[in-house]
1. Rounded to the nearest whole Å², what accessible area per residue is found for segment 212-273 with the 1.4 Å probe?
2. Provide the FRET efficiency to the nearest 0.05 for the R373-E81 pair, computing r from the beta carbons and using R0 = 25 Å.
3. Okay, helix-only estimate at 222 nm for the chain: each DSSP H run of n ≥ 4 adds -39500 (n - 2.57), divide by all residues, round to 500 deg cm²/dmol; what do you get?
4. Using the Karplus curve 6.51 cos²θ - 1.76 cosθ + 1.60 with θ = phi - 60°, what ³J(HN,Hα) values do you get for each residue of segment 285-290, in whole Hz, with x for Gly and Pro?
5. Run the simple label-point estimate for A230 and K71 please: 7 Å along Cα→C-beta, distance reported in nm.
6. Non-local amide H neighbours of K397 (under 5 Å, H modeled in plane, Pro and chain starts lacking H): which ones?
7. List the pairs from K71/K382; K254/K397; K166/K254; K67/K479; K279/K410; K279/K397 whose alpha-carbon separation is above 18 Å, in the order I gave them.
8. Is the shape of segment 7-68 rounded, prolate or oblate, going by the alpha carbon gyration tensor and its root eigenvalues a ≥ b ≥ c, with a/c under 1.5 for rounded and a/b larger than b/c for prolate?
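The values are calculated or read from the model by the stated rules, or taken from the named source; none is laboratory data. Note that this is a predicted model, so its numbers are computed, not measured. A quick note on method: Cβ atoms are made from the backbone with ideal geometry, for glycine too, and the neighbour counts reach across all protein chains shown. We work out accessible area using only protein heavy atoms, side chains counted, and drop any ligands, DNA or RNA first. Shrake-Rupley method; radii C 1.70, N 1.55, O 1.52, S 1.80 Å.
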Amino acid sequence: MIPNRQVVRLRLRRNLAVLFGISIAATALAAAWWHFDVLGIHGQELGAYDTGLATFTDREWFPFGQKPQSKDIVIVAIDDETLDVVSGNPGLRLQYGAWPYSRNVWAHVFSYLAARGARAVVFDAVVDEPHPDQAGDGFMATAAREAGIPVYLGFNIVPDRPALPKVAHPVNLFTALPAPKVEPAPAKAPDVPEEFPSEESFPDTPEKKGPSEEELARAAAEALAFPVEARGLAPAAFEPRVDREGKAHPRQPKPPLAELIPALAGIGLVDAETDDDGKMRRTTFVQTDGNNTYVGLSVAVAADLLKADKVVWEPGRLTLGTHAVKINKDGSAELDYGGTVFDRYRTVPLHDVLDDYWWGENLKEAGKPVTWRLPNERFGGKIVFIAGFALGTGDQKATPFDRLSPGVAKQAAELENLLEGRFITQAPFWVSLLLAFFIAFFSVMLILVVQSPIADLGWPLACFFLFFAVTGSILVATKIHILSAMPSMAGTFASVATTAFNNFLARKDRQRMKELFKPYMEADLVDIMVEQQRLPELTGENMNVTA
């Protein structure tokens, strides 16, 4: 039961020092709890962050969290249905083999998407080992070079690999690799009989053709490294891989196949950048191996599409050419997924693309005009990702919206956030600290005023859920991440401390006075007397009254 106004004023005035003292102490304790990550409060914050996104995103009753499907990005999915269709079709199986397919399949896809008017192709994978069908590798490189639209590819970082050489300024990818030198065969005299060479005439070592290992390494470094102007920030180094014995193995970039590099418009790092719980929530944009700086695949794509020759990376802002994006002060940003990958992007199974490709090829062979089965708006003017969806492709990760999601969700969301200039950013810590003080202050005030077991027990629980609703809705509506766990902890500390104060210090005396005078006075008058801490005057009072 809430007391009348006079009782409320008296209780607050009498306990003003207690109100501010407990609020400040609870806020300081919650801040220290957060700083030292006591009992895994950082993990609790990640859980609250995920729940806030999932609760308020794409809900009819919350209009600020609704987001339409992307109009710029389409995904060609290597899904389970595609694996079944290709394995069950003798012609496709003969052409592409079993998974992982011969790389001429990607050559066909590149050519098809170029013919359909795609803006760009982003192959969310790595191609750093030769396929048994090496002819397909060359076919893929040729198709990427001659497609007429930019094709982008990822690279990975692997342990126990030599570091790439340091480069001053990365050059154009199309001229990165030197062309192999082919010596013309000497003309043979027609009248001289051919003699079998003696054993001494064989050279000790065969003559090398094409670029040396050192030239290939330098060309790869020039292609993979990206010019980054870091202002007030230092790129994070690649984290080593620790084996079971606890030994750290440094990781270094592993370039794509040499014949692919000059055919690509851009190459970027494909790194999940997961949090401690294995979920992909954020990106750091720039990393280093100690020699060169590297950017993520989506950053490389966005920089090329925006005609940026470098990335300017500074606290609170990432600039690509004339395009600036707001990020966190530490140079990172949380990804605004806007929902699951299936909600956000139109997906087309790979087998539908292959079916349409061969349909067009058959029409060409028959000398007929080429028409397509898939509608023109499906790929026209779109950025097309090619990515694995099936479990067999091994590219499954966790996001705030899915326990198991195609890894392309991170790359697609990051590219979309870059082009639209919108990431989720963290509010300054002082904002979360101020909110923690406000929650603690309100908690103390509520328990001091109401003085009820229901408030003592119920408010700490209600505080968590009500406050979570506030921060979750702010997160989705404004794309600003205000901490939830620390303010909730401040409210809990304040509630417990105030309840203890009421029960062990103040409530006993007040309850004794109430029991003494309740049989003789109205309940409200007893409350006023108790809060004033003054006994009634025995001499009486003179006043003017109206009867």
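1. Working: 3060 Å² over 62 residues.
Each residue of segment 212-273 exposes 49 Å² on average to a 1.4 Å probe.
2. Details: r = 17 Å, r/R0 = 0.66.
About 0.90, to the nearest 0.05.
3. Working: 17 runs with 227 residues, N = 547.
Calculated from helices alone, the mean residue ellipticity at 222 nm is -13000 deg cm²/dmol.
4. Karplus values, whole Hz, x for Gly and Pro: 6, 10, 9, 9, 9, x.
5. 3.8
6. S405, G407
7. Details: K71/K382 8 Å; K254/K397 21 Å; K166/K254 15 Å; K67/K479 13 Å; K279/K410 10 Å; K279/K397 7 Å.
From the list (K71/K382; K254/K397; K166/K254; K67/K479; K279/K410; K279/K397), the Cα-Cα distance tops 18 Å for K254/K397.
8. Working: a/c = 5.19, a/b = 1.60, b/c = 3.23.
Oblate, because a/c is 1.5 or more while a/b does not exceed b/c.
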